[in-house]
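The block underneath contains the structure these notes are about, expressed in structure tokens.
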Amino acid sequence: MAQNQDNKGGSDRGSSNRGFAAMDDDKQREIAKKGGESVPDDKRSFSQDRELASEAGKKGGASVPDDKRPFSQDRKLASEAGKKGGEASRGGR
């Protein structure tokens, strides 16, 4: 049975035409947005409590071995990633 290679998103998504990963980027964003919107503001603990978010980030970072932390070893790399993330969160504006 031949698999459908219709590439709607413009990027190579592999050989499967099923599932979330096979969807084009806009469809993935649409679905992910619905998930985020389904959580009431008062239940979004990190947006309500910056200290809690900070503690969680530190805890997650502490679970990674030092040799696997490229940002702590290379400040320029960390800076570039932060800029890129900031641009993405503002829609590239």
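Bear in mind that the values in this text are calculations on the coordinates, not laboratory data. Bear in mind that the values here come from a model prediction, so they are computed numbers and not experimental data. Heads up, the Cβs are rebuilt from the backbone with ideal geometry, glycines too, and the neighbour counts pull from every protein chain shown.
In a simple Cβ point-charge model (Lys, Arg +1; Asp, Glu -1; nothing else charged), segment 41-89 has a dipole of about 140 debye relative to its Cα centre.
Let a ≥ b ≥ c be the square roots of the eigenvalues of the Cα gyration tensor of segment 41-89; is it rounded (a/c under 1.5), or, if not, prolate (a/b larger than b/c) or oblate? Oblate, since a/c reaches 1.5 and b/c is not below a/b. Across segment 81-88, computed HN-Hα scalar couplings (Karplus, 6.51 cos²θ - 1.76 cosθ + 1.60, θ = phi - 60°) run 5, x, 5, 4, x, x, 5, 5 Hz from first to last residue, x flagging Gly and Pro. For the residue pairs K43/K84; K33/K76; K33/K84; K59/K83; K27/K84, the C-alpha atoms sit more than 25 angstrom apart in K43/K84; K33/K76.
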